Amino acid sequence: MTDAIEGPDGALRCPWALSTEDYVAYHDKEWGRPVHGDDALYERLCLEAFQSGLSWITILRRRPGFRAAFAGFEIAEVAMFTDADKERLLADPGIIRNRAKIEATVANARVLADWAPGELDELIWSFAPDPARPAPKKLSDVPAVTDESTALSKTLKKRGIRFVGPTTAYALMQACGLVNDHLADCTSRSAP
């Protein structure tokens, strides 16, 4: 028994991926694929934080606006943002204009700017669980939080990173390929 659903192209996919073309593309080409590099992981961390309380499609469709507003999520650039930049962001209709999330994004860049190159990548990936864990067959088999995401969240918070609870940390782990939560029968489960 599986929850995977056949898409218009005949391929089985995770059911959440079939509601919009944006989701199909994200599911097939990005979600669950390994992401490395401090700036790339910082971007995903920020976008997952902005998603908190909203649907992912809202963030996905505004991602170009986020990238433009936050200097391509280059840590060194965002770390230099001023109060004027924060006010500019609060007026930018291309992003989610949430003061706490904007403040956290800038504050996190300032913390990460002091880390050694590759340190964020190494830290996040050190929490990847055993890749041999069983593939989920149904959506109900996919957790929202795990021991690893809770530990990652606590470690990041201890190191000064804001707006990263255990659920956000797990969403980051899914998005960046630390875990493969594509359903067992999903065509993307074994895709490179």
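The values are calculated or read from the model by the stated rules, or taken from the named source; none is laboratory data. Keep in mind that this is a model prediction, so the values were computed, not measured. All Cβ positions, glycine included, derive from the backbone under ideal geometry; neighbour counts span all protein chains shown. Accessible surface is based on the protein model in full, side chains and every heavy atom, while ligands, DNA and RNA are left aside. Shrake-Rupley method; radii C 1.70, N 1.55, O 1.52, S 1.80 Å.
Between residue 90 and residue 191, what is the FRET efficiency for a Förster distance of 45 Å, r being their Cβ-Cβ separation, to the nearest 0.05? The partial results should precede the final answer.
Numbers: r = 39 Å, r/R0 = 0.87.
So, using R0 = 45 Å, E works out to roughly 0.70.
Could you state the angle between the C-alpha long axis of helix 147-158 and the longest principal axis of the C-alpha atoms of the chain, as a value from 0 to 90 degrees rounded to the nearest 10?
The answer is roughly 0 degrees.
Count charges around residue 139 for me, please; just the other residues with Cβ under 11 Å from its Cβ, Lys/Arg as +1, Asp/Glu as -1.
With Lys, Arg at +1 and Asp, Glu at -1, the neighbours total -1.
Got a sec? What order do 173, 80, 1 fall in by accessible area at 1.4 Å, biggest, i.e. largest, first?
Working: 173 0, 80 130, 1 195 Å².
Reading off the accessible areas and sorting them downward yields 1, 80, 173.
If you consider only alpha-carbon coordinates, what radius of gyration and Dmax does the range 128-192 have, in Å?
Gyration radius and largest Cα-Cα distance of the range 128-192: 12.7, 39 Å.
Leaving ligands, DNA and RNA out of it, report the carbon-plus-sulfur percent of the accessible area of the range 21-127 at a 1.4 Å probe.
52 percent
Only Cα pairs under 8 Å and at least 6 apart count here; give the relative contact order of the range 65-162 as a rounded whole percent. Walk me through the intermediate numbers first.
Numbers: 62 pairs, mean separation 26.9, N = 98.
Relative contact order here is 27 percent.
Determine the shape class of the range 13-109: with a ≥ b ≥ c the square roots of the Cα gyration tensor eigenvalues, call it rounded for a/c under 1.5, and otherwise prolate if a/b is greater than b/c, oblate otherwise.
prolate
Lys and Arg at +1, Asp and Glu at -1: add these up for the other residues within a Cβ distance under 10 Å of residue 160 and post the number.
Values: positive: 110, 157, 158, 159, 162; negative: 114.
Overall, the nearby charge balance is +4.
Would you work out if the range 82-166 is rounded, prolate or oblate? Take a ≥ b ≥ c from the square roots of the eigenvalues of the alpha-carbon gyration tensor; rounded if a/c is under 1.5, else prolate when a/b is larger than b/c, oblate otherwise. If you can, show how the numbers build up before the last one.
Working: a/c = 2.90, a/b = 1.63, b/c = 1.79.
Judged from the Cα gyration tensor, the range 82-166 comes out oblate (a/c at least 1.5, b/c at or above a/b).
Using only Cα atoms, tell me the angle between helix 99-112 and the longest principal axis of the chain; keep it within 0 to 90° and round to the nearest 10.
Here the helix axis deviates by roughly 80 degrees.
Using only Cα atoms and rounding to the nearest 10 degrees, what angle (0 to 90) does helix 56-69 make with the longest principal axis of the chain?
30 degrees
Past the 23 Å Cα-Cα mark, which pairs from 29/158; 101/154; 29/101; 101/157? Please list the in-between numbers first.
Values: 29/158 33 Å; 101/154 18 Å; 29/101 27 Å; 101/157 15 Å.
29/158; 29/101, as the Cα separations exceed 23 Å there.
State in Å² the accessible area per residue of the range 102-156; use a 1.4 Å probe, count heavy atoms of protein chains only, and round to the nearest integer. Don't skip to the answer; put the middle values down first.
Working: 2810 Å² over 55 residues.
With the other protein chains kept in place, the range 102-156 gives 51 Å² per residue.
Report the local net charge at residue 73: Lys and Arg +1, Asp and Glu -1, summed over other residues whose C-beta lies under 13 Å from its C-beta. Write out the running numbers ahead of the final one.
Values: positive: 44, 63, 67; negative: 38, 39, 43, 48, 74, 77.
Value of the local net charge: -3.
For the chain, what is the convex hull volume of the alpha-carbon atoms per residue, in Å³?
Values: hull volume 21.5 nm³, N = 192.
Hull volume normalised by residue count: 112 Å³.
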